Amino acid sequence: METQTQIPEAELLAEIESVLALTGTAPTMFGKRLGDPNLIKTIAAGRELRRGTMARIRLLLQDLLSEHESCKADISPDPQT
């Protein structure tokens, strides 16, 4: 039964690590935005997350990706010049 509960955390951890690598966000900074600088370490160590925490993490991931895309758009050369 524990294996089933940890699968979502493992999948979420892979998603988090992917977004952090893409955006250049440090794991502790990501955790701090959720009130726990050690969040990534504790998930990797097997921490089970509540549904609400998982939802908050997913929202933050979306925010990071949006911020990243916005920054890319800001530094992209203007195609009209």
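Only the coordinates and a few stated rules stand behind these numbers; no lab work does. None of the values given here were measured: they were computed from a predicted structure. Counting neighbours? That spans all protein chains shown, and the Cβs are built from the backbone with ideal geometry, glycine included.
Here are a few things to note about the model shown:
- Note on E15 and A73: with the Förster distance fixed at 22 Å, the Cβ-Cβ geometry gives a FRET efficiency of about 0.45.
- Karplus-derived 3J(HN,Hα) values for the stretch 39-47, using 6.51 cos²θ - 1.76 cosθ + 1.60 with θ = phi - 60°, are 3, 5, 4, 6, 5, 4, 7, x, 4 Hz; glycine and proline are entered as x.
- Pair A26, L59: separation of 7 Å Cα→Cβ label points (nm): 2.5
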